Amino acid sequence: MKVIYHCFGGAHSSVTAAAIHLGLLPRDRLPTTEELLSLPYFDASPEGRQGQFQYMGRDEKGNEVYCVGRRGLGEYFQALVKGLVSALNIKEEILLLDTSSCVNWLMVAGGYISRRLGAVRLGRPVVVLGTLKAYPCLLSLVESNRCKWG
């Protein structure tokens, strides 16, 4: 199975959820700033990479875990991926998990400042704070879907 976490930009909530899934981040406490910043792709999705699936690793069951930014596709993203899977006759099961419901205004503002405006020094601390506030929601999203890939 391929597990794909998706959000608007693909640099914060989807990366964090994928890292929780893979055990790269703790399930019993909030991660430190250093733990978040050490994640591949966290606050580092370069412009023009939206829509590109970023491989995060394999989980303990052998499932491949990805994150992706879907930009303006919104609700159409899942239909597009499912349509491609069907059209290409892909037999492997795909689980799409939208992390957007966990995103808060600090993540939006910090991500915009850091990624869009390029003011990483200003935006990154804000997006980290927002991610820490969203962490329980992201953890819950991952845990509530665990039975689907186990």
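The values are calculated or read from the model by the stated rules, or taken from the named source; none is laboratory data. Computed from a predicted model, the values in this text were never measured in an experiment. In this analysis, Cβ positions are derived from the backbone assuming ideal geometry, glycine residues included, and neighbour counts consider all displayed protein chains.
Observations on the model:
- Top-ranked residue in the stretch 24-79 [being modelled with pLDDT under 85 and acidic (Asp, Glu); ranked as farthest from Gly110 (Cα to Cα)]: Glu75
- Filtered residues of the stretch 5-23 (kept if aliphatic (A, V, I, L, M) and modelled with pLDDT of 95 or more): Val15, Ala17, Ala18, Ala19, Ile20, Leu22
- The sole residue among Ala44, Ala79 that is small (Gly, Ala, Ser) and either in contact with a strand residue (DSSP E or B) (Cβ under 7 Å, 6 or more places away or on another chain) or farther than 13 Å from Ser14 by Cα (or both) is Ala79.
- Any hit, the stretch 44-54, residues being aliphatic (A, V, I, L, M), surrounded by fewer than 20 Cβ atoms within 10 Å (Cβ to Cβ) and either over 12 Å from the mean Cα position of the chain (by Cα) or not in a helix (DSSP H, G or I) (or both): yes
- Here Val142, Val103 are screened, and the one residue that is surrounded by 12 or more Cβ atoms within 10 Å (Cβ to Cβ) and touching a Cys at 6+ places or on another chain (Cβ under 8 Å) is Val103.
- Per the listing Lys91, Lys148, the residue uniquely of a type in the set (Lys, Arg), touching a Leu at 6+ places or on another chain (Cβ under 8 Å) and either without any contact (Cβ under 8 Å) to a residue 60 or more places away in the chain or surrounded by 15 or more Cβ atoms within 10 Å (Cβ to Cβ) (or both) is Lys148.
- Matching option when the condition is at positive phi and modelled with pLDDT under 95, among Gly118, Gly150, Gly111: Gly118
- Note on the stretch 59-90: residues that are in a strand (DSSP E or B) and either over 15 Å from the mean Cα position of the chain (by Cα) or over 18 Å from Asn145 (Cβ atoms) (or both) total 1.
- Of the helices (runs of 4 or more DSSP H) lying entirely inside the stretch 99-150, those carrying at least 1 residues that are aliphatic (A, V, I, L, M) are 105-111, 120-144.
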